[in-house]
Every structure is written in C-alpha cells, then in structure tokens.
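Here's the structure we're looking at; comments come further down.
Every number in this text was worked out from the coordinates using simple rules, so none of it is lab data. Remember, predicted model here, so these are calculated numbers, not experimental data. A quick note on method: Cβ atoms are made from the backbone with ideal geometry, for glycine too, and the neighbour counts reach across all protein chains shown.
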Amino acid sequence: MQTIKIATIVGSLRKNSLNRQLALEAGRIVGDRAAFELLDYSDVPLFNQDIEYPAPNAVSRVRNAVKSADGICFFTPEYNHFFPGILKNLIDWLSRPMSESAPQVLNGKPAAVSGITPGMSGTVVAQDHFVTLISFLNMKVMNQPRLTIPNANHQTDESGCLALTTHLPFLEKQTQEFIRFIHEQ
Ligand code: FNR
C-alpha cells in the first residue's frame, strides 16, 4: 500500500483536552501505515468576509495541510448538544474557495468523526450535527464505524490522563477502517 497522509482536527483548544489525547492515541495506532499530522489552528481568526482575501496566513497554512491530506480525522467534544464554535469557525474558513479558480479543500475528502465526553451522550448528538455540516460540503464521511465514547471518567487514570480502559479496541477498529476507507477511494 502506498503511504497516505491523515490530517487530524480536534474541536478543543484545551491543553488537557480528552479529544486531543484521543487523537494522539489514534496517531500512535496509525504508526507507520500513514503520515499523521495533528493540525494546530489556534491562530485562525474569527471568520469575517472583510478579511477573507487574501487569506490570513494561519488559514492558508491549515487549508494547504487539508488539501494535501488523503483523509481528515475529526475529534469533537460536545458543547450544548452541538459541536464547538471553534470547529464551525474553522470549517467556515475551509469551506470557502482558495481563489476564484480553486475549489474548497474539503470537497471529496474522506472524513472520520470521533469524540469523547464525560457525559452520557458520547458526543453522538454533536457528531450528528457535524456530519450534516461536512456532508453539505461534500466530504466523503465514513458513517460506520463512528466512535462515541461516553463517561470519560471511566477511561482515565488517577491523574486524569486518558487511559482508554475499555474503549481502546473501538479506537483501533475505527482507525484501521479509516485507513482502509481512504485506500478504497
Ligand atoms: C460541555 N460539556 C458537555 N458534555 C456533554 O456530554 N454534552 C454537552 O452538551 C456538553 N455541553 C458543554 C457545553 C460547554 C460550553 C462546555 C464547556 C462543556 C462537557 C464537555 O464534553 C467536556 O468539558 C469535555 O471534556 C470537553 O472536551 P475536551 O476539551 O476534553 O476535549
């Protein structure tokens, strides 16, 4: 199999974000089966059509990383039964064409969605909203398996670090399936 590139986007800027830790664990699972890049978009400004062109440097950097990736892994928290605003802001930027002649970079790109939360929902409600958004933007969403992890406090060690005491096999399965899904495109 040829080497593929997976770009990863986490919908939390929190230093100890559980979703970020989950993304890093996915990267460890991917190993040498793909190049795995966790995208830092903390410097992407709030979307404003007045500053859309030329694109701010941070936006160009993230757009180029997405454009060159073979697939995008999203890890989203759930805020008020939705996905966080920072993720919507980033997707709004990415949804706009790079220039008059270049299409938006999410078009046709394979996507996997995962999330972890201390609550009971496991982020499933947030994920459903998010899938509606990225489907509208014509991403190729891997609908199964999707990873929703509830009760995060059962998945951490004494120091609050993610240990995936019961859900590691589900993350392994989803990661493996997403690599296969990308190769099938
Ligand atoms: C939350 N949280 C939350 N959890 C949940 O299961 N359903 C929800 O609707 C919400 N709503 C919500 C709103 C806001 C504004 C905050 C700040 C938090 C809890 C949230 O899932 C928890 O803080 C996660 O740990 C956040 O993800 P990271 O930062 O750990 O990745």
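Numerical summary
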quantity: Under 12 Å, Cα to Cα: Lys pairs in the chain, sequence gap 8 or more or different chains; calculated: 4
quantity: Residue exposure sequence - 120, 98 - by fewest surrounding Cβ within 10 Å; calculated: 120, 98
quantity: Student exercise, the chain dipole from Lys, Arg, Asp, Glu Cβ charges, in Debye to nearest 20; calculated: 200 debye
quantity: Integer Hz, Karplus 6.51/-1.76/1.60 couplings in order for the stretch 12-25, x for Gly and Pro; calculated: 9, 9, 5, 4, 9, 3, 5, 5, 5, 4, 5, 4, 5, 5
quantity: 5 angstrom amide H check on residue 4, placed H, neighbours 5+ away; calculated: 35
quantity: Cβ-based exposure ranking for 158, 177, in which fewest neighbours within 10 Å come first; calculated: 158, 177
quantity: The chain: angle of helix 168-184 to the longest principal axis, Cα-based, in degrees nearest 10; calculated: 30 degrees
quantity: Amide H contacts of residue 38 (H built 1.01 Å from N, under 5 Å, at least 5 apart or other chain); calculated: 8
quantity: Cα coordinate range in the chain, projected on the principal axes (Å, largest first); calculated: 50, 39, 26
quantity: Helix-only CD estimate at 222 nm, as mean residue ellipticity for the chain, using -39500 (n - 2.57) per DSSP H run (n ≥ 4); calculated: -11000 deg cm²/dmol
quantity: Cβ-based charge dipole, the chain, positive-most Cα from 116, 36, 155; calculated: 36
quantity: Cα gyration tensor, the stretch 33-77 - rounded (a/c under 1.5), prolate or oblate; calculated: prolate
